[in-house]
Amino acid sequence: MSKKSLQALVIDFKNYAFVLLATSVFLYIGVILPDQGKEEIYDVILMLTTALFLIGSFVCFKLSLKYKKQIDAQEENV
């Protein structure tokens, strides 16, 4: 892959990770707020969604780091 396309992937995956991280924080706030009249299943769903978004964020950060290392390796070989 070219350096330009790898750089675009790095930026994209970082943006995806930050969006997933921010969304998971927002969902977690919904869990810790006082629940008056809210059923227990909603808290479980919010926590599962929060966990999935955090996992997705971690994966996106790892992919971004992987592509960044590929860019560094290409620059080192040139």
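Some values worked out for this structure:
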{"quantity": "Nitroxide proxy distance, nm - points 7 Å out along Cα→Cβ at residue 1 and residue 76", "calculated": "1.8"}
{"quantity": "Charge dipole (the chain, unit charges on Cβ, about Cα centre) - positive-most of 67, 52, 41", "calculated": "67"}
{"quantity": "Mean separation of Cα contacts under 8 Å (6+ apart) over length of the stretch 3-77, as relative contact order %", "calculated": "54"}
{"quantity": "Tally of Lys pairs whose C-alpha atoms are under 22 Å apart, taken over the chain, 8 or more apart or cross-chain", "calculated": "14"}
{"quantity": "Equivalent-ellipsoid semi-axes of the chain, from the Cα gyration tensor, Å, largest first", "calculated": "38, 9, 7"}
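Every read-out reported here was derived from the displayed coordinates using simple, explicitly stated rules and does not represent laboratory data. Here the structure is a predicted model, which means the values were calculated and not measured. All Cβ positions, even for glycine, are placed from backbone atoms using ideal geometry, and neighbour counts span all protein chains on display.
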